[in-house]
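Right, one structure below, let's go through it.
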Amino acid sequence: MVCEFEPAPRFIPPARAFPCPRESRARRLVKVPLLDLVSQHASVRSEVEAAVNAVVERQGFVMGPEVAELERQIADLSGARHGVACASGTDALLLVLRSLDLAPGDEVITPAFTFFATAGAIHNVGGTPVFVDIDPETFNLDPTATEAAITSRTKAIVAVHLYGQMADMGSLGSIAETHGLTLIEDAAQAIGARRKVGGEWRRAGELGQAGTLSFFPTKNLGGWGDGGMVVTQDDALAGRLRSMRLHGGTREYLHEEVGLNSRLDSLQAAVLLAKLPHLESWSAARRTHAARYAAGFAGLQSVIAPPTDPLNEHIFHQYTIRAEGRDELHQHLTDNGVGNKIYYPLALHLQPCFGHLGYRPGSLPVTEEAMTTVISLPIYPELTESQVDRVVEVVGAFYG
């Protein structure tokens, strides 16, 4: 203890503790981060830590009972008969696409406006990605463009539910059925999202032959690392996927095919089980923030707020606007302490690794217009009204 009459000892931290002036300024300016996982963890810390500690005390870290329970609960949430957990959302896509046993030259239709894993998985199982354009409002696969792209070599369609809003599964399902194609849902950004199909609410992952999910930490339901799952109604497919994720064998040291090592850790499953009861309220909070943004942007002609298809219940994994002068707005937001990001600045059909497919600028005009105008703003559940209003204020100030 230091006597109040004595000078306190002077502590001089090492030089590396002093940030550079630019770093100090940036830290002062960050008032509304794009995502705040620290705040989310604070709200569920006791539940998550208790679940994790139970796994640690049992010392059962791989494919423990938490994994099977998570599979059951996620399948139920998705309206599916089966859940098959795996190591990542990318592996979920790989497993499903490998189950198609594609031959060289087989084609899989998918949007170019999505995260790289969607097309990367198609390529890595030996298929050829066929990129088609998107709906200008939902950013999801355009059914008309999809049907126009079908050839004798087409084997499957991968519909991405981008930003948390489901694609038109009614139309895409009819197209797949008519042409004898497998329909896969990439629902990595849409866990718990719903769409009315035939007058009934259906969940993301419920209608395709399989749906793939990601539990990456930044997702609406995120773990403490990588994790993924396939949901399906197909008993035989579920059985094969369970074998494929364990090196292609259902029994130890007996392998029916060459599979992957893609198991979900028990620790990740425990974290996700602790968070899962909060998912519905978190999604509702995201929708509340989205409505407040929409009201705030209503008078700005230079900003187009993301519309929700009347048949959809959006979960707003991202809140993505279209904006004039997008790149300058990006810099303005950053300079004023508002987190933001561009998902995605270069569509997949223009990526260098897919140059051999022959796409050129102008091939997918709606996609290319989106990649030059979209920008995503903070939308996590823990946002306060004042933070949302601050984002609206900074965007409004940019446009004068």
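The values are calculated or read from the model by the stated rules, or taken from the named source; none is laboratory data. All values reported here derive from a predicted model rather than from experimental measurement. All Cβ positions, glycine included, derive from the backbone under ideal geometry; neighbour counts span all protein chains shown.
Per the listing 70, 29, 77, the residue uniquely of a type in the set (A, V, I, L, M, F, W, C) and modelled with pLDDT under 95 is 29. Listed by first and then second residue, the pairs linking a residue in the stretch 205-227 that is closer than 15 Å to residue 48 by Cβ to a residue that is basic (Lys, Arg), with Cβ atoms under 9 Å apart and 6 or more places separating them unless they lie on different chains, are 221/275; 222/275; 223/275. Here 400, 362, 358 are screened, and the one residue that is of a type outside the set (A, V, I, L, M, F, W, C), in contact with a helix residue (DSSP H, G or I) (Cβ under 8 Å, 6 or more places away or on another chain) and without any contact (Cβ under 8 Å) to a residue 60 or more places away in the chain is 362.
For the stretch 298-307, the condition holds for no residue, the condition being that it is part of a helix (DSSP H, G or I), in contact with a Phe, Trp or Tyr (Cβ under 7 Å, 6 or more places away or on another chain) and β-branched (Val, Ile, Thr). Candidates 92, 75, 80: the one that is within 20 Å of the chain's Cα centre (by Cα), farther than 16 Å from residue 349 by Cα, touching a residue at least 40 places away in the same chain (Cβ under 8 Å) and part of a loop (DSSP other than H, G, I, E, B) is 80. Has the stretch 325-345 got any residue that is more than 28 Å from residue 41 (Cα to Cα) and outside any helix (DSSP H, G or I)? Yes.
Given 334, 308, 288, 384, which one is of a type in the set (Val, Ile, Thr) and touching a residue at least 12 places away in the same chain (Cβ under 8 Å)? From the options 334, 308, 288, 384, the qualifying one is 308.
Among residues of the stretch 146-187 being surrounded by fewer than 18 Cβ atoms within 10 Å (Cβ to Cβ) and aliphatic (A, V, I, L, M), the one that is farthest from residue 107 (Cα to Cα) is 148.
Screening residue 338 against (1) crowded, with 19+ Cβ neighbours inside 10 Å; (2) within 26 Å of residue 111 (Cα to Cα); (3) of a type outside the set (Gly, Ala, Ser) leaves a single unmet condition, (2).
When the stretch 105-150 is filtered for residues that are out of contact with any His (no Cβ under 6 Å at 6 or more places or on another chain), of a type in the set (Gly, Ala, Ser) and in a loop (DSSP other than H, G, I, E, B), the ones remaining, listed by number, are 105, 126, 127, 149.
Screening the stretch 111-136 for residues that are touching a residue at least 60 places away in the same chain (Cβ under 8 Å) and of a type in the set (S, T, N, Q) and picking the one that is farthest from residue 179 (Cα to Cα) gives 114.
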